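This report refers to the structure that appears directly beneath it.
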Amino acid sequence: MTDDDRAEWRPPYVSYETLCNFVEKRLGSQPLPPRVDKGFLDNYAGSVQAVLLSALKTIGFIDEQHTVQPALKEAAAGPDDRKAVMRRWASTYYARQVELAEQAATAQMLQESFASSGYTGSTLRKAIVFYLTLAKDLDLPSSPHFKPPRQTPVSNGATQRKPKGNGRTAARTQPDTPVAAGAPYLRGTAGRRR
């Protein structure tokens, strides 16, 4: 891999399971089209289409015009073929992460290796989860200290209040009202049977 390839490379952050299911089940069960584009991915949500297409380009399964490449034809032949193709690709493009795994590096070191690609937050986490799942599936070296970063809660900046009690809004009463003070006309009717 040249320095130019590495400079332009951005790790995939699609779900690894989604990628494998697409290659093995969607493509492996029928003849491959000449292109894999959004029209072919119409059964996926729009956001999934974008990250799946990006991953397919990154791995070399399709080119910039979405034309199917020989690597995808080979990978779609079966699970073992997919693993062989992806292992060849991963050994080149994840060379830094494999090197860290062989050194028994920490989770923070792994995170830093992905952060250098410009990812932050949930995208960084998804890229690491993709790699860890790929490494496990392909039996790549792994450090016992590797783990995905913690998922951070999404906040829109507004403070949210927890409801009291059972979640229903309590009636607002003044302490000196008959309801709050337990007025006599309510006391006698509470336990009476008819």
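Please treat every number below as a calculation from the coordinates, not as lab data. These figures come from a predicted structure and were not determined experimentally. All Cβ positions, even for glycine, are placed from backbone atoms using ideal geometry, and neighbour counts span all protein chains on display.
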query = Residues with beta-carbon under 15 Å from that of PRO70, excluding PRO70: net charge, scoring Lys, Arg +1 and Asp, Glu -1?
reply = +2
Packing rank of 13-20, 144-151, where each peptide gets the mean count of other beta carbons within 10 Å, highest leading = 13-20, 144-151
Size-normalised alpha-carbon gyration radius of the range 3-137, reference 2.2 N^0.38 Å = 1.04
request  = Mind scanning LYS38/LYS147; LYS25/LYS57; LYS38/LYS136; LYS38/LYS73 and naming the pairs with a C-alpha gap bigger than 24 Å?
outcome  = LYS38/LYS147; LYS38/LYS136
